Each structure stands twice: as structure tokens, then as C-alpha cells.
Amino acid sequence: LQKILILLQVTLSVVVGKTLMILFPNAMKRYILKMGEKSRMNRNPKFSYENWGPTFFSFKYLQFVLKVKWKRLEDEAYEGRPAPNTPVVTLSGEVCHLLDFMKDNRPLILNFGSCT
């Protein structure tokens, strides 16, 4: 049911966005560029709007957003339920899963921090 609701939400968003891009291309370009500023995408001189802007609200965009949102459903943790076995990347670049680090019945402790 959650996947269906996400499908409907994302599809509606893409249809509305694509329609607005057709009807108001300059306004949508400004809107997409503002979104790029928030993600700092505009700071990379190799990225120009012409390279990535038109991909917004495309079929590939729809597929990508659905894939990410559906994957996040699997990564949610709920009290009293098993922990999600999300993929992680080691410092050496190896991809493994979180629960691969479990040993016997010892608890697995995750410590998050910042190096700023």
C-alpha cells in the first residue's frame, strides 16, 4: 500500500512538473536553478542547466525517484522489530551490509559523528 501511495504521489508530481515546464519554461528554469543552489549543484562549473535541468520530470527521473523512495521504505527502523540490513561502504570502498558486522549475540553499536 505504501508503494502504491508513493507511486501516485511521485507520478502526480512528475506530471504537474512536466506540464509546468511546457507551459512556463522560464519560470520552471528559475525554480530548478534555485533547487540547484540549495544542493550546491550550481557551484560545479562543469554543470550547466542545459546538462541536467531538462532531465527533471522525465521518465528516467520518475524511475529514479521511485527507486530511491521505495528503497527507503526498506530502511526504516521500528521499535521492537528487526533492524534494517542497509548497505554500507567501508573506508576501503567495499560495499557490505550493516548486519555483517554483528558477532555472536554481542550488541552492534553505531556511532555517528562529524569531522568539521
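Counting only residues that are touching a strand residue (DSSP E or B) at 6+ places or on another chain (Cβ under 8 Å) and among the hydrophobic types (A, V, I, L, M, F, W, C), which one in the stretch 52-94 is most open to solvent (accessible area, probe 1.4 Å)? So that I can check it myself, show each step before the final result.
First, the residues of the stretch 52-94 that are touching a strand residue (DSSP E or B) at 6+ places or on another chain (Cβ under 8 Å): 85-90.
So of that shortlist, the ones also among the hydrophobic types (A, V, I, L, M, F, W, C) come out as 88-89.
Details: V88: 42, V89: 102 Å².
Among them, the one singled out is V89.
For the structure I just gave you, tell me whether L98 is of a type in the set (A, V, I, L, M), out of contact with any Leu (no Cβ under 7 Å at 6 or more places or on another chain), modelled with pLDDT of 80 or more and surrounded by 10 or more Cβ atoms within 10 Å (Cβ to Cβ).
Details: of a type in the set (A, V, I, L, M): yes; out of contact with any Leu (no Cβ under 7 Å at 6 or more places or on another chain): yes; modelled with pLDDT of 80 or more: yes; surrounded by 10 or more Cβ atoms within 10 Å (Cβ to Cβ): yes.
So L98 fits the description; yes.
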Practice task
Within the stretch 9-32, identify whether any single residue is under 27 Å from L98 (Cβ atoms) and surrounded by fewer than 11 Cβ atoms within 10 Å (Cβ to Cβ), and answer yes or no.
Solution key: no
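Go through R106, R43 for me and flag whichever is surrounded by fewer than 10 Cβ atoms within 10 Å (Cβ to Cβ) and under 30 Å from K18 (Cα atoms). I'd like the intermediate steps shown before the answer.
Values: R106 fails: under 30 Å from K18 (Cα atoms).
Within the list R106, R43, the selection yields R43.
Answer yes if at least one residue in the stretch 48-55 is part of a loop (DSSP other than H, G, I, E, B) and under 23 Å from R30 (Cα atoms), and no otherwise.
Checked against the condition, which is being part of a loop (DSSP other than H, G, I, E, B) and under 23 Å from R30 (Cα atoms), the stretch 48-55 yields at least one hit.
The values are calculated or read from the model by the stated rules, or taken from the named source; none is laboratory data. Since we're looking at a predicted model, the values are computed, not measured. Reconstructed Cβ throughout: ideal geometry from the backbone, glycine too, with neighbour counts over all protein chains shown. Ligands, DNA and RNA are stripped out before the accessible areas are found, and what is left, the full protein with its side chains, is counted by its heavy atoms. Shrake-Rupley method; radii C 1.70, N 1.55, O 1.52, S 1.80 Å.
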